[in-house]
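Below is one structure, written out as structure tokens; the observations come after it.
The values are calculated or read from the model by the stated rules, or taken from the named source; none is laboratory data. In this text the structure is predicted, and so the values were computed from the model without any measurement. Cβ atoms come from the backbone with ideal geometry, glycine included; neighbour counts cover every protein chain shown.
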Amino acid sequence: MPRHVAQRGRQVGVAASTVNIFWSQLVKDLAEFAALVHADDAVIDSTPLSEGLLYSRASSIYSGTDEIQLNIIADRILGLPR
């Protein structure tokens with residue numbers, strides 16, 4: 001998020017939460033698609049394809065789990081109770 005947005009007093013957490021969810025899902029989807037395209041090479045071993053598939057599962061944890069990000073969105077954007 002650009003620095004000027006935070007300086008205007010806006011909450012950066014909501015935008016960051018939506019971006020985090022989007023990118024973590026995109027990384028997982030791309031890894032699964034690559035595994036489907038290269039199904040013969042996607043055997044779990046130490047190939048870059050299999051490593052990418054395994055690491056893509058961690059993408060939803062890097063900057064907070066998807067569940068935490070969804071809670072932030074529900075609380076700050078939708079105004080849902082905790």
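List pairs: first in the range 50-69 and closer than 15 Å to residue 38 by Cβ, second assigned to a helix (DSSP H, G or I) and modelled with pLDDT of 80 or more, Cβ under 6 Å, 6+ apart or cross-chain?
52/31; 53/31; 53/35; 56/27; 56/28; 56/31
Which condition breaks for residue 3 when tested against (1) under 22 Å from the mean Cα position of the chain (by Cα); (2) modelled with pLDDT of 80 or more; (3) not β-branched (Val, Ile, Thr)?
The failed condition is (2).
Scan the range 65-82 residue by residue and report those that are in contact with a Gly (Cβ under 7 Å, 6 or more places away or on another chain) and of a type in the set (Asp, Glu).
Listed by number, the list is empty, since nothing qualifies.
Please work out which one of (1) surrounded by 12 or more Cβ atoms within 10 Å (Cβ to Cβ); (2) at pLDDT below 80 is the condition residue 8 fails and give its number.
So residue 8 meets the others, but not (1).
Could you tell me how many of the residues in the range 15-51 are surrounded by 15 or more Cβ atoms within 10 Å (Cβ to Cβ) and at pLDDT below 75?
1
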